[in-house]
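Here is the structure we will look at, set down as structure tokens.
The values are calculated or read from the model by the stated rules, or taken from the named source; none is laboratory data. Keep in mind that this is a model prediction, so the values were computed, not measured. As a convention, Cβ positions derive from the backbone with ideal geometry for all residues, glycine included, and neighbour counts pool all protein chains shown. Heavy atoms of the whole protein, side chains included, go into the accessibility calculation; ligands, DNA and RNA do not. Shrake-Rupley method; radii C 1.70, N 1.55, O 1.52, S 1.80 Å.
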Amino acid sequence: MASFWNSPLPSEFLNEADVEQRLILPLLYALGYELEDVVPKFPVVFREGRRGRKPEADFVCFKDKPHDRNNSLLVIEAKAPNEALGDGKLQGESYAANLRSPVLLMTNGSTFEVWQLQATKESEKVVDLLVVDIMSNRGALEAVLSKNV
């Protein structure tokens, strides 16, 4: 979807679903993911006892089928506009670690972060930019997030 890179991004988002539909999904398709690679609301099963709402990642991108821990490439944690990303980092990291995904993408429609998960140490932030700067950072984003990396 080359047109993503040539089109202006939305200047504001209404809520988390709007961020998902108008920013995250078009970006993922522009990065080479196909419809069948991107699974919304993917359930994350933890072995230890957690109560309450069953955890699910906002999106998980896979390199192939079956959609399981052996094929996950990217976990996406979306937040509502202007909601702090820091609060979702631990949540997103736990999902990514559980799914053995090497990369976590987080955005609230204004800030955009990509974290490279490390097996034995703290995750490393490899992209930290404003959403308005996505187009000028295309190469860096493709290098880390593209399906064909």
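Of the residues Y29, Y33, which single one is of a type in the set (S, T, Y) and open to solvent by less than 20 Å² (accessible area, probe 1.4 Å)?
Of Y29, Y33, the one residue that is of a type in the set (S, T, Y) and open to solvent by less than 20 Å² (accessible area, probe 1.4 Å) is Y33.
Scan the range 108-122 and report the pairs whose first residue is at positive phi and whose second residue is of a type in the set (D, E, K, R) and open to solvent by less than 60 Å² (accessible area, probe 1.4 Å), with Cβ atoms within less than 9 Å and a gap of 6+ or a chain change.
Every condition considered, the pairs that remain are G109/E16; G109/D18; G109/K79.
May I ask you to list the residues in the range 81-92 that are touching a residue at least 12 places away in the same chain (Cβ under 8 Å) and either open to solvent by 40 Å² or more (accessible area, probe 1.4 Å) or over 14 Å from the mean Cα position of the chain (by Cα) (or both)? Explain how you work it out, then say what you get.
Going through the range 81-92, the residues touching a residue at least 12 places away in the same chain (Cβ under 8 Å) turn out to be 81-85, 88-89, 91-92.
Within the range 81-92, P81, N82, E83, A84, Q91 meet the criteria.
Quick grid of which residues meet (1) at pLDDT below 90; (2) hydrophobic (A, V, I, L, M, F, W, C); (3) under 17 Å from S146 (Cβ atoms):
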| position | (1), (2), (3) |
| --- | --- |
| W5 | no, yes, yes |
| V19 | no, yes, no |
| F46 | yes, yes, no |
| R53 | yes, no, no |
| D58 | no, no, no |
| A80 | no, yes, no |
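Name the residues in the range 96-149 that are touching a Leu at 6+ places or on another chain (Cβ under 8 Å), closer than 16 Å to I76 by Cα and in a helix (DSSP H, G or I), would you?
A96, A97, V131, L141, E142, L145
Would you point out the residue of the range 93-108, among those that are under 12 Å from the mean Cα position of the chain (by Cα) and among the small types (G, A, S), that is nearest to E56 (Cα to Cα)? Steps first, answer last, please.
Start the filter on the range 93-108 by keeping residues that are under 12 Å from the mean Cα position of the chain (by Cα), which leaves 93, 95-96, 101-108.
Imposing the further condition that a residue be among the small types (G, A, S) reduces the set to 96, 101.
Values: A96: 11, S101: 14 Å.
Of everything passing the filter in the range 93-108, A96 is nearest to E56 (Cα to Cα).
Right, Y95: over 26 Å from M135 (Cα atoms) and open to solvent by less than 30 Å² (accessible area, probe 1.4 Å) or not?
Details: over 26 Å from M135 (Cα atoms): yes; open to solvent by less than 30 Å² (accessible area, probe 1.4 Å): yes.
So Y95 fits the description; yes.
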